[in-house]
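A short write-up of the structure that comes next.
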Amino acid sequence: MERFWGYKDESRLLRTLRITASIIIIILMASLILISGRDLVNQQASIQQYRETKTTFLLQIF
C-alpha cells in the first residue's frame, strides 16, 4: 500500500484523508454517470412521446 501512495512513513491522518478523498471522488463520478443516464432516458421518452403525438395529429387530419 505504501508503494501505491508513494510515501513510506506517511502519517495515519494523511493516509485516511487521501482514502476518504478517493472514495468521495468515486461516489461523485458514479452519481454523475447515473444522473446523465437518467437524463438520457428522459430525453428518449420525450422523443417517443413527441412521435406519438405527431402520429395522432396526422391521423386526426386524415
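Each value in this text was obtained by applying a stated rule to the coordinates, not by laboratory testing. These figures come from a predicted structure and were not determined experimentally.
Phi angles across the range 40-49 convert, under the Karplus curve 6.51 cos²θ - 1.76 cosθ + 1.60 with θ = phi - 60°, into 3J(HN,Hα) values of 5, 5, 5, 5, 5, 5, 5, 5, 4, 5 Hz, Gly and Pro given as x. Between Ile61 and Gln44, the contour length at 0.36 nm per residue exceeds the alpha carbon distance by 3.5 nm.
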